1. Where does each of H137, H45 land when they are ranked from fewest to most other beta-carbon atoms within 10 angstrom?
2. In debye, nearest 20: dipole of the chain around its Cα centre with unit charges on the Cβ of K, R (+) and D, E (-)?
3. Which shape class, rounded, prolate or oblate, goes with the stretch 70-135 when its Cα gyration tensor gives a ≥ b ≥ c as root eigenvalues, a/c under 1.5 marks rounded, and past that a/b bigger than b/c marks prolate?
4. Helix-derived [θ] at 222 nm for the chain: sum -39500 (n - 2.57) over DSSP H runs of at least 4, divide by residue count, nearest 500?
5. Taking R0 as 22 Å, what's the FRET efficiency between K18 and V96 from their Cβ-Cβ distance, rounded to 0.05?
6. For the stretch 97-153 and the stretch 1-80, what is the centre-to-centre distance using only Cα atoms, to the nearest Å?
7. Largest first, please: the extent of the C-alpha atoms of the stretch 3-150 along each principal axis, to the nearest Å.
8. Any of K17/K109; K66/K91; K18/K66; K30/K61 with alpha carbons more than 24 Å apart? Name them for me.
Amino acid sequence: MNTSNLTITLQNRKAFKKILDSLNVEQINKIPTGFNNNVLWNVGHIIAVQQRLIYGLAGQKYFLDKVFVNSFLPGTKPDEYYNEAMINDIKLWLVVTYDQMIMDINDNKFLTYTPFTTALRYEINDLDSAIAFNLYHEALHMGHILNIKKHLY
């Protein structure tokens, strides 16, 4: 297991939370012209995709509710104005889903994976490859968020 990828994932999650903490509810919900989504959708999306990549492909039950996960999957977009309670839940889930993943790794819950090839032709077939791709995916959305932030002011 590459623990560096886990360490970087935790730092990314802290950076996402810091961004959310720096914005008000209106900014978090704003979809700038030329964009399809907002800051909160991107953060919810990385949490949802982590659930699918790490848990779903390993045949494990999601830690979070499937309704939440399904509302932030690829191809979705914000369909509501996210209130402060939802924003606070997502901030909490950034940390809780990471902590739960670490506990589940330590409990050896991710021993088998259904092979999956991403749109980038990257094959996920075990926990290490799932974590590596998830890290890439979260970094990609950090870039999207930083780009959205430039258009909020």
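Read-outs: derived from the displayed coordinates by stated rules, not from any lab. Bear in mind the structure is a predicted one, so any value in this text is a computation, not a measurement. Virtual Cβ from ideal backbone geometry, glycine too; neighbours counted across all protein chains shown.
1. Values: H137 18, H45 22.
Placing the least packed residue first, the sequence is H137, H45.
2. Numbers: 14 positive and 14 negative charges, 71 e Å.
For the chain, the charge dipole is close to 340 debye.
3. Details: a/c = 3.17, a/b = 1.41, b/c = 2.25.
Judged from the Cα gyration tensor, the stretch 70-135 comes out oblate (a/c at least 1.5, b/c at or above a/b).
4. Details: 6 runs with 90 residues, N = 153.
Helices in the chain give a 222 nm mean residue ellipticity of -19500 deg cm²/dmol.
5. Values: r = 17 Å, r/R0 = 0.76.
Taking R0 as 22 Å, the efficiency between K18 and V96 is 0.85.
6. The distance from the Cα centre of the stretch 97-153 to that of the stretch 1-80 comes to 10 Å.
7. If we take the Cα atoms of the stretch 3-150, the spans are 42, 29, 29 Å.
8. On the way: K17/K109 27 Å; K66/K91 18 Å; K18/K66 26 Å; K30/K61 32 Å.
As for pairs spanning more than 24 Å Cα to Cα, those are K17/K109; K18/K66; K30/K61.
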